[in-house]
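Chemist: For reference, the structure I am asking about is given below.
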């Protein structure tokens, strides 16, 4: 019997992504804690404190992922029970992170219906904060909790595969809604000239509002086709690699554009979000995991060639 070949690029890629998530969230958590102003208002207590707790749990999830993949590299393999325990903890902590945005969404909805401000300000706040916070705190928390339940060693792999794919699809739509909402708020603030007169901003707006939406629809189509598969080997990892890589390139491309071009058209809501408040920038590292999946031979394809 020949020894099973270890896919080192994939394992190292996942380790790199895990470390990027952990280190980025640790930095943001510590930076937010140190630079946080006085909690003078009830609104700050009800929004920032839960989100700070959520960031702590996501940092812990990243640390669990790092330790897990270090073990994979050092020990070459973990037992099924050890891997499931680590995955369940990381998924559960991630669910707590997304749940921490719920109060921001609820208070934003309350303010939208009661605060007497301009219509533009209300629409901007709704699409930039309220709607994304409500959607991600409800949708992602729900699917991640379901995935946590399905990762039980007492259950078959079918449920874990199904809800893992659904969770990944919801992530893409969350990224689309968050970033498109911030672009809409920027247009309300700056006017249409902000994207019409600047090709870089127009490209960013189209890639965000249309490109991410199409990628989310493609992920949903792939998920629908793959629901019902009972082993991970039957999942088309090439397609998974394409989706993961494109999501990572979205964030990486925007960051590189800013490094070379700066804040095109002047500082505004979009650049404040992208560089100052975006807790998803760690996703720039996703191609390190997506590309090995993209070029990794599918188990079924390999079996068919034998």
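Chemist: Assuming 0.36 nm per residue, please report the length gained on full extension of the stretch residue 258 to residue 210 beyond their Cα-Cα distance. Working shown, then result.
Modeler: On the way: separation 48, 0.36 × 48 = 17.28 nm, distance 2.02 nm.
Working it through step by step, the gained length comes to 15.3 nm.
Chemist: Can you pull the one-decimal nm distance between simple spin-label points at residue 281 and residue 156, each 7 Å off the Cα toward Cβ?
Modeler: 4.5 nm
Chemist: For the chain, calculate the relative contact order in percent as a whole number, restricting contacts to Cα pairs under 8 Å that are 6 or more residues apart.
Modeler: Values: 361 pairs, mean separation 58.6, N = 306.
19 percent.
Chemist: Taking only Cα atoms and a 10 Å spring cutoff, compute GNM fluctuations for the chain and point out the largest among 75, 296, 58.
Modeler: Greatest mean-square fluctuation among the candidates belongs to 75.
Chemist: Quick one: Cα centre-to-centre distance for region 243-272 and region 172-215, in angstrom?
Modeler: The distance from the Cα centre of region 243-272 to that of region 172-215 comes to 11 Å.
Chemist: Tell me, what is the percent relative contact order of region 166-289, built from C-alpha pairs under 8 Å that lie six or more residues apart? Don't skip to the answer; put the middle values down first.
Modeler: On the way: 87 pairs, mean separation 43.4, N = 124.
The value is 35 percent.
Chemist: Could you check which residue among 51, 122, 136 shows the biggest mean-square fluctuation in a GNM of the chain with a 10 Å Cα cutoff?
Modeler: Result: 122 has the largest fluctuation of those listed.
Chemist: Once you put a point 7 Å from the Cα of residue 122 and another 7 Å from the Cα of residue 192, both along the Cβ direction, what distance in nm separates them?
Modeler: 2.4 nm
Chemist: Moving on to the next point. Over the chain, with a Gaussian network built from C-alpha contacts below 10 Å, which listed residue (266, 159, 13) shows the highest mean-square fluctuation?
Modeler: Comparing 266, 159, 13 in the GNM, the peak value goes to 266.
Chemist: Nearest 10 degrees is fine. How inclined is helix 237-261 to the longest principal axis of the chain, computing both from alpha carbons?
Modeler: For helix 237-261, the angle is close to 40 degrees.
Chemist: R0 = 41 Å: FRET efficiency of residue 224 with residue 34, Cβ-based, nearest 0.05? Walk me through the numbers before you get to the answer.
Modeler: Details: r = 45 Å, r/R0 = 1.10.
The value I calculate is 0.35.
Chemist: Now a separate question. Helix 102-114 sits at what angle to the longest principal axis of the chain, using alpha carbons and giving 0 to 90 degrees rounded to 10?
Modeler: 30 degrees
Chemist: Given the -39500 (n - 2.57) contribution per DSSP H run of 4+ residues, what per-residue ellipticity at 222 nm results for the chain, rounded to the nearest 500 deg cm²/dmol? If you can, show how the numbers build up before the last one.
Modeler: On the way: 15 runs with 221 residues, N = 306.
Value at 222 nm, helices only, nearest 500: -23500 deg cm²/dmol.
Chemist: While we're on this one: Does anyone have the angle between helix 157-190 and the longest principal axis of the chain? Alpha-carbon axes, 0 to 90°, nearest 10?
Modeler: That works out to roughly 20 degrees.
Taken together, the values in this text are just the output of simple stated rules run on the coordinates, not laboratory data. Remember, it's a predicted structure, so these values are computed and weren't measured experimentally. Cβ atoms come from the backbone with ideal geometry, glycine included; neighbour counts cover every protein chain shown.
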